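The values are calculated or read from the model by the stated rules, or taken from the named source; none is laboratory data. Every value quoted in this text rests on a predicted model; they were computed, and no experiment measured them. All Cβ positions, even for glycine, are placed from backbone atoms using ideal geometry, and neighbour counts span all protein chains on display. The protein model used for the area step is the full one, side chains on, heavy atoms only, and it has no ligands, DNA or RNA in it. Shrake-Rupley method; radii C 1.70, N 1.55, O 1.52, S 1.80 Å.
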Amino acid sequence: MGEKFVGAGGWGYFAGGLESYARAFRLVEVNAGFYRPIPETFARRWRTRVAPDFTFAVKAFRGVSHVDGLRATAPARAAFAHDVRIAKILRAPFLILETPASLPLEAPQVAGLRDLVGLAAGGLQVGLEARAHRSGPLPKAAQKAMEDLGVLDVVDLSQSAARVVNDTVYSRLFGPGPHNVYEFDDDELRSIDRAGQDAVRAAFTFHGVRMYKDAARFLTFKRTGTFPSATGQQGLASLTAVLRPDARFPTTKDDLVREHGWKVFDLNEQLRAHARVLLAALPDRTFRRLDEVVRELEHAPPRESTRRLQPGLNSDPP
């Protein structure tokens, strides 16, 4: 099956900090270095606070990709060389460049990529997330350079497949929601798993607003073949538990679908799905309270797309 790593984009929001995070996951992507260079003393301290087999991935400083546009200027070379040193201290096997959506990979970027990758130490794999080319093919010159250099084509495997052949896969997972507001359901996580199955080494880093929950559910699936419950309840009881913390009333059906449809609940004992699966069955009107939503759904006829998923739907709400 190959070596698989599962984690998230940082530990800053994880209760208990890095030590607790490292007991839950094997991998973390260090995003802090994208915004400002990481001091070497920080990297040494982080490395001592985790187990020897814990894996760091480093995201390169934005000065390289966003300020200097992936050109091998003197400042970009110095910044990238610093990132390489940080990766070495952390014993990180991955160093990830993210270029902005406004920057296509043209001749200056291809030349810069070739120059910068030459600074990477042996055993360190450079990955490139080319946001200007999220969909469709890569420019031919860029693809050839990445193939020649062994640069990983970093994509969101929930949205697209890597276009550069490599026995290693590195995926930054956001989902289709705006501004990273998304949570993956069971079917999407299965699809992500299938997309990385043939790799000798695969790293899955989750970056949505529920990144720790997504990563934990995916890791449980990788280990056991089953997904854990999202709420400990089922059907409408589970949907109620998902909506209650932050759904604001009065509200409309459209607002509920837009603001909460991306959340995952336990449709039944076997399947976690997006809340929009049920919320879409609501009539187009204003709801004053959550219990009005629940009562309406208790009597809503099943939509054709969810008929096969109906067992457990009408569990009593808490």
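Spin-label model, ARG190/GLN159: points 7 Å from Cα along the beta carbon direction are separated by 2.4 nm. To the nearest ten degrees, helix 140-149 and the longest principal axis of the Cα atoms of the chain are 70 degrees apart.
Considering only PHE25, ALA121, GLY69, the residue lying farthest towards the positive end of the dipole of the chain is ALA121, judged by Cα position with unit charges set on Cβ.
Taking the accessible area of the range 105-163, probe 1.4 Å, and keeping the other protein chains in place, the carbon and sulfur fraction comes to 53%. Its Cα centre serving as origin, the range 1-132 has a Cβ charge dipole (Lys and Arg +1, Asp and Glu -1) of approximately 380 debye.
About the centre of its Cα atoms, the range 221-285 shows a dipole size close to 180 debye [charges on the beta carbon of Lys, Arg (+1) and Asp, Glu (-1) only; nearest 20 debye]. Classify the chain: rounded, prolate or oblate, from the alpha-carbon gyration tensor (a ≥ b ≥ c, eigenvalue square roots; a/c under 1.5 rounded; otherwise prolate if a/b is larger than b/c)? Prolate. Would you mind calculating the relative contact order of the range 100-142 from Cα pairs under 8 angstrom and at least 6 residues apart, reporting the percent as a whole number? After rounding, I find 67 percent.
So, for the range 1-77, what is the accessible surface per residue at a probe of 1.4 Å, expressed in square angstrom? Provide the component values of the computation, followed by the final result.
Working: 3730 Å² over 77 residues.
It amounts to 48 Å² per residue over the range 1-77.
What's the angle, to the nearest 10 degrees (0 to 90), between helix 74-90's Cα axis and the longest principal axis of the chain? With rounding to tens, the tilt is 70 degrees.
Helix 107-117 and the long axis of the chain differ in direction by around 80°, with both axes built from C-alpha atoms. Think of it as helices only: each DSSP H run of n ≥ 4 in the chain is worth -39500 (n - 2.57), and spread over all residues that comes to -10000 deg cm²/dmol at 222 nm. Shown for the chain: lysine pairs separated by 8 or more places, or found on different chains, whose C-alpha atoms are under 30 Å apart, numbering 21. At a probe radius of 1.4 angstrom, the accessible area of the range 244-305 per residue rounds to 54 square angstrom. For the range 107-179, the solvent-accessible area with a 1.4 angstrom probe is 44 square angstrom per residue. Given a Förster distance of 35 Å, report the FRET efficiency between ARG49 and SER229 from their Cβ-Cβ distance, rounded to the nearest 0.05. The calculated FRET efficiency here is 0.65. Placing unit charges on the Cβ atoms only, positive for Lys and Arg and negative for Asp and Glu, gives the chain a dipole magnitude near 740 debye about its Cα centre.
Net length available on complete extension from ALA141 to GLU40 is 32.9 nm, with 0.36 nm assigned per residue and the Cα-Cα distance removed.
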